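The values are calculated or read from the model by the stated rules, or taken from the named source; none is laboratory data. Keep in mind that this is a model prediction, so the values were computed, not measured. Keep in mind that these areas ignore ligands, DNA and RNA; they rest on the heavy atoms of the full protein, side chains included. Shrake-Rupley method; radii C 1.70, N 1.55, O 1.52, S 1.80 Å.
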Amino acid sequence: MVQLLNEEGGKIDGIYVCPHYPGFESCTCRKPKTGLINMAVSDFSISLNNSYIIGDSDSDVLAGKNSGLKTVGIGERIKTEADFCTYNVEEAVNYILKRESKCQKSV
Ligand SMILES: [Zn+2]
């Protein structure tokens with residue numbers, strides 16, 4: 001996946017995975033918990049207010065809400081209200097770019 005994205009000009013800074021089985025009591029990282037997001041925020045000095053989570057499950061959207069991220073849900077499986085819902089990644093990216101360009105113009 002990383003190689004394919006690199007070939008198309010994309011960039012992945014990190015991949016975070018919960019190593020625990022679902023229901024593991026001490027896990028703080030399995031979505032909708034925020035442990036994995038917190039690690040990325042720390043590793044890359046990410047501003048939560050200015051960032052988005054894009055996901056195809058309720059746990060993705062909920063993890064984003066729990067972290068203070070803006071949320072974009074993709075697909076029909078999502079029942080949790082996101083800031084924006086769509087059916088593909090391209091539309092999600094276009095939404096973010098359009099929204100962020102508006103924000104920059106108003107500053
Ligand atoms: Zn975990």
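Filtering the stretch 43-54 to residues that are open to solvent by less than 90 Å² (accessible area, probe 1.4 Å) and either more than 15 Å from the chain's Cα centre (by Cα) or not aromatic (Phe, Trp, Tyr) (or both) leaves Ile46, Ser47, Leu48, Ser51, Ile53, Ile54. For the stretch 68-102, taking the residues that are hydroxyl-bearing (Ser, Thr, Tyr) and open to solvent by less than 40 Å² (accessible area, probe 1.4 Å), the one that is farthest from Asn38 (Cα to Cα) is identified as Thr86.
Within the stretch 14-38, being open to solvent by less than 90 Å² (accessible area, probe 1.4 Å) and over 17 Å from Val61 (Cα atoms) holds for Gly14, His20, Gly23, Phe24, Ser26, Cys27.
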